[in-house]
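Below is one structure; the comments refer to it alone.
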């Protein structure tokens, strides 16, 4: 039962993260993959507006968390 509970918790976390990412994608009219690639390459300039800069930092953090959650899901399901 612990296995199923852990998977359900990870899936719920993943759904929440995806909802948050969708908010930023709509707000900035850019999908997360495009944003992350541009942000990490430096082709997306660091915004001067503190609110936008904060959004970008949160957006990046959410993406990083999604990667962690998906790795954990794969690990628990495959191993």
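Values for this structure:
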{"item": "Subset of segment 1-39 [surrounded by 11 or more Cβ atoms within 10 Å (Cβ to Cβ) and not in a helix (DSSP H, G or I)]", "result": "30, 31"}
{"item": "Test: residue in segment 40-51 that is part of a helix (DSSP H, G or I) and surrounded by 14 or more Cβ atoms within 10 Å (Cβ to Cβ)", "result": "no"}
{"item": "Counted residues, segment 21-40 - those being more than 17 Å from residue 61 (Cβ to Cβ) and at pLDDT below 95", "result": "0"}
{"item": "Close pairs (9 angstrom Cβ cut-off, 6 or more residues apart or separate chains): modelled with pLDDT under 95 in segment 56-79, in a helix (DSSP H, G or I) and surrounded by fewer than 13 Cβ atoms within 10 Å (Cβ to Cβ) anywhere", "result": "73/11; 76/3"}
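The values are calculated or read from the model by the stated rules, or taken from the named source; none is laboratory data. Everything quoted here is computed from the prediction, not taken from an experiment. A quick note on method: Cβ atoms are made from the backbone with ideal geometry, for glycine too, and the neighbour counts reach across all protein chains shown.
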